[in-house]
């Protein structure tokens with residue numbers, strides 16, 4: 001009898017944590033734009049990971065810094081070597097949640113304006129970060145997008161004086177991902 | 001009673017295990033997705049495709065033209081009379097181009113023996129981590145040069161082929177950390193014409209080169225080329241060079257001290273007369289400037 005109680009305890013514990021549908025994408029698109037007086041630089045990453053827990057409204061987003069591709073090979077090298085130091089800090093990660101998630105109910109073909117609140121980690125610096133985002137549901141998939149500005153100095157990235165007209169102090173970041181249900 | 005205690009113990013373990021699973025899930029939702037399914041290639045093992053004289057394991061990126069101006073002053077041993085070599089100069093002007101990220105070509109013209117040279121370089125293996133793990137980069141290099149200086153003995157029956165030199169090289173290297181890279185390059189230099197019977201037409205050598213990054217934009221480089229014994233004239237010395245790479249945006253300046261006068265393999269591997277012990281050292285520099293000719297599709 002005790003054995004069954006134990007089994008019961010064990011499984012109920014398990015079920016409680018794994019309930020709630022999760023959505024994910026491994027092809028999240030991140031683009032950043034630096035619009036400086038002399039030069040406009042854009043870079044793209046099409047292999048960002050995002051996972052969203054619909055039970056809690058929490059989500060996590062991860063981009064490999066080396067996964068950003070640039071128009072010029074040398075820019076990409078400098079981005080990794082001199083600014084992001086991607087050998088030491090390989091990923092940029094955002095962990096956050098959707099504000100007032102419990103009051104939201106996603107329905108197909110509806111677009112929702114939401115606020116997200118969380119922590120952004122890149123170049124070894126973690127900062128609280130808030131942004132607006134757009135959520136919608138299509139054919140059972142969750143489509144998420146957001147645009148925000150990052151002040152690069154906040155993340156301990158120094159721009160030398162010689163290139164101050166080539167790289168802007170704030171970069172615009174555009175994020176878009178289509179998340180599919182996770183089968184478990 | 002024992003049974004109860006035992007049960008209590010088990011429940012505690014179970015609860016702890018459950019708690020741990022819960023904690024893990026909360027901490028890293030991302031871990032549910034597993035590791036990134038990408039291959040990351042090691043980049044920027046060296047700042048340019050040349051260490052000093054030797055080719056580095058890096059090649060010019062696809063669609064990029066790298067214009068190079070290389071300069072060696074005379075020997076320091078020339079003393080004050082020659083202003084420590086500043087009165088003389090040997091130069092090479094050339095350009096390298098990346099056809100793909102793995103295949104690159106280059107052309108150049110040196111004042112040393114009025115030599116034209118061309119190379120083709122292909123990365124067979126690329127150091128990577130992730131989906132594909134490869135500890136080393138391996139590149140193969142073929143160089144041909146044509147000497148166009150007037151024949152020393154025009155009255156003889158001179159052959160065009162006597163002006164040709166060919167080099168085959170394998171470059172095996174690794175970026176051990178972001179600060180340290182090292183490479184070995186077994187080299188074969190073929191000379192169609194040599195000055196004496198004692199000298200070999202095919203010369204085998206091993207190049208060793210490394211760099212240590214001192215700061216984000218400055219690195220210290222060194223290279224040494226070991227010639228197997230009894231292949232060339234006694235006057236030839238192994239090439240030894242030290243230098244700095246200074247990067248400023250689109251330019252890389254390489255400043256160095258070297259006992260090699262020539263800037264093509266045939267010269268600095270097999271015909272290097274400078275002797276460090278006698279002060280036969282050149283102050284030299286290479287300037288590299290890249291231009292993006294074809295932008296990659298994104």
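Bear in mind that the values in this text are calculations on the coordinates, not laboratory data. Quick caveat: nothing in here was measured; it's all calculated off a predicted structure. All Cβ positions, glycine included, derive from the backbone under ideal geometry; neighbour counts span all protein chains shown.
Computed from the Cβ-Cβ distance with R0 of 35 Å, the FRET efficiency linking residue B:91 to residue B:125 stands at 0.55.
Taking 7 Å steps out from each Cα toward its Cβ at residue B:140 and residue B:168 produces label points 0.8 nm apart.
So in the protein assembly as shown, what percent of DSSP beta bridges are antiparallel if you round to the nearest 5?
The antiparallel fraction comes to roughly 100 percent.
Inter-part distance, the range A:28-76 to the range B:200-238, computed on C-alpha centroids, equals 42 Å. With the simple model of a label 7 Å out from the Cα in the direction of the Cβ, residue A:104 to residue B:114 spans 7.6 nm. Ellipsoid semi-axes for the protein assembly as shown, based on the Cα gyration tensor and the rule √(5λ), read 59, 26, 19 Å when sorted largest first. Spin-label model, residue A:145 to residue B:242: label points 7 Å out along the Cα-to-beta-carbon direction sit 5.8 nm apart.
Overall dimensions of the range B:118-222, expressed as equivalent-ellipsoid semi-axes from the Cα gyration tensor (√(5λ), whole Å, largest first), are 38, 16, 12.
Remark: the residue B:289-residue B:149 segment gains 47.5 nm on full extension, using 0.36 nm per residue and subtracting the alpha carbon distance. With a Förster radius of 45 Å applied to the beta-carbon distance between residue A:27 and residue B:277, the computed FRET efficiency rounds to 0.15. Compute the acute angle (0 to 90°) between the alpha-carbon long axis of helix A:2-18 and the principal axis of greatest extent of the alpha-carbon atoms of chain A; round to the nearest 10°. Computed tilt is about 30 degrees.
Please state the equivalent ellipsoid semi-axes for the range A:109-164: what are the square roots of 5 times the Cα gyration tensor eigenvalues, largest first, in whole Å? Walk me through the numbers on the way to the answer.
Details: eigenvalues 204, 31, 17 Å².
Calculated on Cα positions only, the semi-axes equal 32, 12, 9 Å.
Taken over the alpha carbons of the range B:72-183 as equal point scatterers, the Debye sum produces base-10 log I(q)/I(0) values at 0.12, 0.17 Å⁻¹ of -0.69, -0.99. Relative to the dominant Cα principal axis of chain B, helix B:2-27 is inclined by about 40°. First obtain the Kirkwood hydrodynamic radius of the range B:164-298 from its Cα pairs, then insert it into the Stokes-Einstein equation at 25 °C and 0.890 mPa s, and state the resulting D in µm² per second as a whole number. Result for D is 149 µm²/s. Taking a ≥ b ≥ c as the square roots of the eigenvalues of the Cα gyration tensor of chain B, is the shape rounded (a/c under 1.5), prolate (a/b larger than b/c) or oblate? It comes out prolate by the Cα gyration axes.
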